[in-house]
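I have placed the structure first, in the form of structure tokens, so that the comments after it can refer back to it.
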Amino acid sequence: MGSGRGAGARSGIGAAVRALVLAGLLCALRAGGTELTFELPDSDKQCFHQELERGLKFTLDYQVISGGHYDVDCYVEDPNGKMIYKETKKQYDSFPHRTEVKGVYTFCFSNEFSTFSHKTVYFDFQVGDEPPILPDMSNRVTALTQMESACVTIHEALKTVIDSQTHYRLREAQDRSRAEDLNGRVSYWSVGETLILFVVSIGQVLLLKSFFTEKRAGSGRAST
């Protein structure tokens, strides 16, 4: 009886360990892609190139983290030079697309409309369809087991967590940039007010001193 309980406990622990290991590996089962944060000077443009096969899905997500009004121009061209996406002065956007021709696709971020605002831009370029969680998931005809269903649920939850973390990380960077910019403005304003206060104070002292000097000079002439 005791050995039965021990075997049941060991099998339960083993199943839990396998579930945890599988849940950890689910993070790696995402479509390939690139994340990048780069500086975009004023009156400048940055372009990136990626060679893609025909019929391949890609998604471009971007967001301006700091600078100016947090906006940027973005466009995507296919290998034939055809404009498949174009937006002007966007703070953030997402563009999914499935390629129709094979070749080098170009996506550019432009800050040419700004003459003095330096921008920081983040983009996430995901390529390809996400592989199935289980190798034979697309060919099987039987219902998923409880373990497999739990893995699918965990995988979907992890994807949501990753997307939420990226979103909140970008929002935190954007809010930090705004706070630092506001702090700089307040500091400059405080320094300006301090200088003006000193100038006014010195001016008032000199003005009062001139009044007493004139009175003394007038009284000296009257006595002679």
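Descriptive notes on the structure:
- Förster radius 35 Å - calculated FRET efficiency between HIS49 and VAL152 (Cβ-Cβ, nearest 0.05): 0.45
- Bridgeable aspartates and glutamates around LYS82 (alpha carbons under 16 Å apart, same-chain partners fewer than 8 residues away excluded): GLU51, GLU100.
- Rough spin-label spacing in nm, given labels placed 7 Å along Cα→Cβ, for ALA179 and LYS159: 3.3
- Solvent-accessible heavy-atom area per residue, rounded to whole Å², over segment 158-211 at 1.4 Å: 85
- Pairs from LYS119/LYS159; LYS57/LYS86; LYS89/LYS159 whose Cα-Cα separation, in the structure shown, is over 22 Å: LYS119/LYS159; LYS89/LYS159
- Portion, in percent, of the accessible area of segment 25-113 that falls on carbon or sulfur, probe 1.4 Å: 45
The values are calculated or read from the model by the stated rules, or taken from the named source; none is laboratory data. Treat the numbers as computed from the prediction; the structure is a model and nothing was measured. All Cβ positions, even for glycine, are placed from backbone atoms using ideal geometry, and neighbour counts span all protein chains on display. Remember, those area values only see protein heavy atoms, side chains included, never the ligands or the DNA or RNA. Shrake-Rupley method; radii C 1.70, N 1.55, O 1.52, S 1.80 Å.
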